[in-house]
Amino acid sequence: MKKFIADHEKSVKEHLSDTGASEEFNIYHEKQIHYLQAERLAHLIVLVTIAVCTVITTIVLVFRQELLLFVLLGLFILLLVPYVFHYFTLENTVQRWYRYARQLDKKNAEDTPL
């Protein structure tokens, strides 16, 4: 995913530095935003599910101190922490790509003769 993001941002920056931004690239960029939004939604659902399971395991652990529950809680936390970082990477990337889309639209409007 990180390579996909880096490659796409490189091509966006190239198009922003070119003298003429193409409408075709704007459409392509919008499709990539939609793809990343779907990815972000899927990861949000998984993140919330893992967070709920972590909270439930913690509550049950308060009432029943069993080794298996400690292990389960540890596994949930090991899953939760990287997922939070990954989700925020996706979220920040989508927000950055929105700004790129506005810049591309503005550049395309400037390059289009009236």
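Some values worked out for this structure:
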{"quantity": "Members of region 1-33 found to be over 21 Å from GLU110 (Cα atoms) and of a type in the set (S, T, N, Q), listed by number", "calculated": "GLN32"}
{"quantity": "Members of region 26-68 that are aromatic (Phe, Trp, Tyr) and over 27 Å from PHE88 (Cβ atoms)", "calculated": "PHE63"}
{"quantity": "Filter result (farther than 22 Å from PHE85 by Cα and either in contact with an Asp or Glu (Cβ under 8 Å, 6 or more places away or on another chain) or not hydrophobic (A, V, I, L, M, F, W, C) (or both)) within region 50-74", "calculated": "ARG64, GLN65, GLU66"}
{"quantity": "Failed criterion for LEU72 (all others in (1) hydrophobic (A, V, I, L, M, F, W, C); (2) in contact with a Leu (Cβ under 9 Å, 6 or more places away or on another chain); (3) under 26 Å from TRP97 (Cβ atoms); (4) without any contact (Cβ under 8 Å) to a residue 60 or more places away in the chain hold)", "calculated": "(3)"}
{"quantity": "Residues within region 71-105 that are modelled with pLDDT under 95, among the hydrophobic types (A, V, I, L, M, F, W, C) and over 20 Å from the mean Cα position of the chain (by Cα), tallied", "calculated": "1"}
{"quantity": "Residue in region 21-34 that is among the hydroxyl-bearing types (Ser, Thr, Tyr), exposed (fewer than 12 other Cβ atoms within 10 Å of the Cβ) and either in a helix (DSSP H, G or I) or in contact with an Asp or Glu (Cβ under 8 Å, 6 or more places away or on another chain) (or both) present", "calculated": "no"}
{"quantity": "Breaking point among (1) surrounded by fewer than 15 Cβ atoms within 10 Å (Cβ to Cβ); (2) at pLDDT below 95; (3) in a helix (DSSP H, G or I); (4) not small (Gly, Ala, Ser), for THR58", "calculated": "(2)"}
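The values are calculated or read from the model by the stated rules, or taken from the named source; none is laboratory data. Quick caveat: nothing in here was measured; it's all calculated off a predicted structure. Please note: Cβ atoms are built from the backbone with ideal geometry, for glycine as well, and neighbour counts cover all protein chains shown.
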